[in-house]
Structure formats: structure tokens, C-alpha cells
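Visitor: Just dropping this structure here.
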Amino acid sequence: MAVKKETYDLRIKQGATFSRGGTYTDADDIAIDLTGYTIRAMIRELYTSSAAMVSLTCAIDVPLAGHFTFGLSAAQTAVLVPTGPAPTQKQSYVWDLEIEKAGVVTRLLQGAVYVSPEATK
């Protein structure tokens, strides 16, 4: 996924490991060097919720190529409760992902989180 500060909805399977990766690029699809940056992401019930449901594990894998990954363990996705009947899940949560360097924070991604229920536990 090439990322240019956009909305990106997550579709998570409850109880399963979740992982995604992306490359932060400029308007010409040239990778932005992420050397010296930190990255973080959280899922909340609402944007205004005081506490996060879960914090995603985030890493900048190849800084010069602008590549990063983020994800959740199976135990973390197990606590996310789906809303609405399957398969037409309603939005369960919201999320965003930010990078930071020298006190400057940039939100790269944000969106809704949809959780499909787990039958095998």
C-alpha cells in the first residue's frame, strides 16, 4: 500500500493475527525517508474516548524506502467485539496511525475498524 495521508479502513478478524504494511510516498510516488521517525497507532471506541482499546505494534522496517508495518496479535484482536450481524458488520471502532520526528507529528492513516466475529475459540 502506498500511503499519501489517507483514509484506510481496517477489516480485522476477531481472534486472528492482523498485520499490514505500507510505504509512505510523496505525490510523485517517491518513498519518503523515515530515518529518525517513530510510529504509533491506536484503536479506540470513538475518537473522543479517553482510553485506547488496543495499541497496534508498529515498526519502521526500511526507513530509506519509507516502509512501515503495523499489526495486532491474536490475543489483541480477541478483545475487539464486533457490532451488527455478519457479514454486514457495522463500524466497531476508529483508528489512526501517526509518525513523529523532532516533535512534529503527522497523521498518515485514519479510518473505521470493522471486526468480523470469531466462531472458533
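The values are calculated or read from the model by the stated rules, or taken from the named source; none is laboratory data. Because the structure is a prediction, the values reported are computed rather than measured. Cβ sites come from the backbone with ideal geometry, for glycine too, and all protein chains shown count toward neighbours. These area figures cover heavy atoms from the full protein model, side chains too; ligands, DNA and RNA do not enter into them. Shrake-Rupley method; radii C 1.70, N 1.55, O 1.52, S 1.80 Å.
Visitor: Quick one: pull the percent of accessible area on the chain belonging to carbon and sulfur, 1.4 Å probe, ligands and nucleic acids left out.
Guide: Roughly 54 percent, rounded to a whole number.
Visitor: Expected output is a single nm value to one decimal: the length gained when fully extending between A59 and A102, i.e. 0.36 nm times separation in residues minus the C-alpha distance. What is it?
Guide: Once the chain is fully extended between A59 and A102, it gains 13.7 nm.
Visitor: Lys/Arg Cβ at +1, Asp/Glu Cβ at -1, dipole of the chain taken about the Cα centre: which of T25, G71, L97 is farthest positive-ward?
Guide: G71
Visitor: While we're here: I'd like to compare 99-111, 31-43: which one has the highest average count of other Cβ atoms within 10 Å, and what's the full order after that? Write down the numbers at each step before the final one.
Guide: Working: 99-111: 13.5, 31-43: 16.6.
Ranked from most to least packed, the peptides come out as 31-43, 99-111.
Visitor: Taking the chain as a Gaussian network, where each spring joins two C-alpha atoms under 10 Å apart, which residue of A59, A16, A27 fluctuates the most?
Guide: So, out of A59, A16, A27, the one fluctuating most is A27.
Visitor: Where does region 18-102 land on Rg(C-alpha)/(2.2 N^0.38 Å)?
Guide: Values: Rg = 15.1 Å, N = 85, 2.2 N^0.38 = 11.9 Å.
Rounded to two decimals, the normalised Rg is 1.27.
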